[in-house]
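Quick notes on the structure that follows.
The values are calculated or read from the model by the stated rules, or taken from the named source; none is laboratory data. Since we're looking at a predicted model, the values are computed, not measured. Cβ sites come from the backbone with ideal geometry, for glycine too, and all protein chains shown count toward neighbours. What goes into the accessible areas is simple: the full protein's heavy atoms, side chains included, and nothing from ligands, DNA or RNA. Shrake-Rupley method; radii C 1.70, N 1.55, O 1.52, S 1.80 Å.
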Amino acid sequence: MAIPEMTPQRYQEQLDEKKLRMNELFSSYGVPELEVYESPIKNYRMRAEFRVWHEGEELYYIMFNQETREKYRVDQFPAASKLINDLMPRIIELAKGNDSLRKKLFQVDFLSTLSDEVLVSLLYHRQLDELWTTEAKKLKQTLEAEGFNVNIIGRARKMKIVLDRDYVVEKLCVNGDSYIYQQVENSFTQPNGEVAQKMLEWAVDCTSESNGDLLELYCGNGNFSLALAQNFDRVLATELAKPSVDSAQYNIAANKIENVQIIRMSAEEFTEAMEGKREFRRLKQQNIDLKSYNCNTIFVDPPRAGMDVDTCKMVQGYERILYISCNPETLKDNLDILKETHDIKRFALFDQFPYTHHMEAGVLLEKEVKKTSREARFLF
């Protein structure tokens, strides 16, 4: 993880630069006015990872300059949540004077929530023993006595020791409603909690007048699925990563949502299933009949590589497409295909990563209405 050049006084300037870049990038696509969703100017990152440097009796966090690879000492990290910043010095202070916790510790990872829960992973270049576990439990007790709602994980080569649990439970507010999300260590979660809430509200608003069912690809832990379920009869969602699927099932139960079904399969596999190219035993095992769904809307939130051509072609079959992208360049490539059949109705910029070049985009597309020959004549 690199240190962003974070200057809160420049926040609006850097956001204006992103707005300009986004508009220029998609100027030829006939996009509507850009909807912009700002980030807090500091303490916006819910997770952070730091290398640990040993120098004599000293122990401190470091990060690296991506260009020069030079290391920087980091005592505080303003981009990270206040909870992470409060905890950073205490972890170092308590580990520094404890041989078992300190020995060959090389990295500390933090995963925090807006609901004031935090998971700390301590990574080692040695195997961990019972003494480490005993001392780690004391560390947890000390931090809890200081008011931290914290869980501790110890990691070494082919080894993982969990004190209590390896996840946090986030609570996101969407239009006044609270949603519970299990977020597991080393699984994907939205890094900027405040902007994540705005993304959910935007997606809910985009689909507020929908009918029928929703198909969602790349659903992760059900982040969007749960909030969008209110606008549809049923939601059928796909995800390949097993930890994310398990979290999605946890979240469905925790939020008592009964109209969401998760399938563990990739977008490419689902395309093959929809086109009848392959039969999948897992669909039969879950009693899922794809033909029973009346999906007019599809929601996609693909990885940085975007969607492959076959998946784009499959997605074109739906009346409405809601697309969240973490990479505008691959979004452009996909829109070259989707624009053949759909018009862009809404266009959004979510500033998930302030003070960096990264931009998160949201696009709502609807199928073009083909003019009849009689309608066409009246246009002239």
(request) Express the accessible area of the chain per residue in Å², computed with a 1.4 Å probe while the remaining protein chains stay in the model. (result) 49
(message) Per residue of region 97-114, what does 6.51 cos²θ - 1.76 cosθ + 1.60 with θ = phi - 60° give for ³J(HN,Hα)? Whole Hz please, x for Gly and Pro, Karplus curve as stated.
(response) x, 10, 4, 5, 6, 7, 4, 6, 6, 10, 7, 10, 10, 10, 10, 10, 9, 5
(request) Select from SER244, SER39, SER178 the residue whose mean-square fluctuation is largest in a Gaussian network model of the chain (Cα-Cα springs shorter than 10 Å). (result) SER178
(request) Give me the angle, in degrees from 0 to 90, between the Cα long axis of helix 242-254 and the longest principal axis of the Cα atoms of the chain, rounded to the nearest 10. (result) 80
(request) Counting only DSSP beta bridges with both residues in region 112-251, tell me the antiparallel percent, nearest 5. (result) 60
(message) Which log10 I(q)/I(0) values does region 258-380 give at q = 0.13, 0.16, 0.23 Å⁻¹ under the Debye formula, counting every alpha carbon as one identical point scatterer?
(response) -0.65, -0.89, -1.35
(request) Using DSSP to define loop residues, name the trypsin sites (Lys or Arg not before Pro) in region 169-261 whose beta-carbon has at most 10 other beta-carbon atoms within 10 Å. (result) LYS256
(request) Compare GLN127, GLN66, GLN230 in a GNM of the chain, Cα atoms joined below 10 Å, and give the one with the largest fluctuation. (result) GLN66
(message) Can you say what percent of the DSSP beta bridges in the chain, counting only those with both residues inside, are antiparallel? Round to 5.
(response) 65
(message) List the residues, sorted by chain then number, that are 5 or more residues from VAL260 or on another chain and whose placed amide H is less than 5 Å from its amide H.
(response) VAL235
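Just to confirm the filter: which GluC sites (Glu not before Pro) across region 168-270 are DSSP coil and have at most 13 other Cβ within 10 angstrom of their Cβ? Mind showing how you got there, number by number?
On the way: sites: GLU170, GLU185, GLU194, GLU201, GLU209, GLU216, GLU239, GLU258, GLU268, GLU269; in loops: GLU185, GLU209, GLU258.
Answer by residue number: GLU209, GLU258.
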(message) Once the cut-off is 19 Å, how many percent of the Cα-Cα pairs in region 107-158 end up in the long-distance tail?
(response) 28
(request) Beyond 29 Å between alpha-carbons counts as too far, so tell me which of LYS82/LYS137; LYS42/LYS367; LYS138/LYS256; LYS198/LYS339; LYS42/LYS137 fall in that bin. (result) LYS42/LYS367; LYS138/LYS256; LYS42/LYS137
(message) Based on Cα coordinates alone, diagonalise the gyration tensor for region 59-182, multiply each eigenvalue by 5, take square roots, and list the semi-axes in whole Å, largest first.
(response) 25, 20, 14
(message) I need the Kirkwood Rh of region 173-273: take the reciprocal of the average 1/r across all distinct C-alpha pairs and report it in angstrom.
(response) 13.8
(request) Please compute the net charge surrounding THR189, taking Lys and Arg as +1 and Asp and Glu as -1 over other residues with Cβ under 12 Å from its Cβ. (result) 0
(request) Averaging sequence separations of C-alpha pairs under 8 Å and six or more residues apart, then dividing by the length of region 1-153, give the relative contact order as a whole percent. (result) 19
(request) Using only alpha carbon pairs under 8 Å that are at least six residues apart, calculate the relative contact order of region 179-277 and give it in whole percent. (result) 29
(message) Test of understanding: in a Gaussian network model of the chain with alpha carbons linked when under 10 Å, which of THR341, THR297, THR68 would top the mean-square fluctuation ranking?
(response) THR68
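Percent relative contact order of the chain, based on C-alpha pairs within less than 8 angstrom and at least six residues apart?
15
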(request) For the chain, with all protein chains present and a 1.4 Å probe, just round the carbon and sulfur fraction of the accessible area to a whole percent. (result) 47
(message) Using protein chains only and a probe of 1.4 angstrom, how many square angstrom of LEU111 are accessible, to the nearest 10?
(response) 20
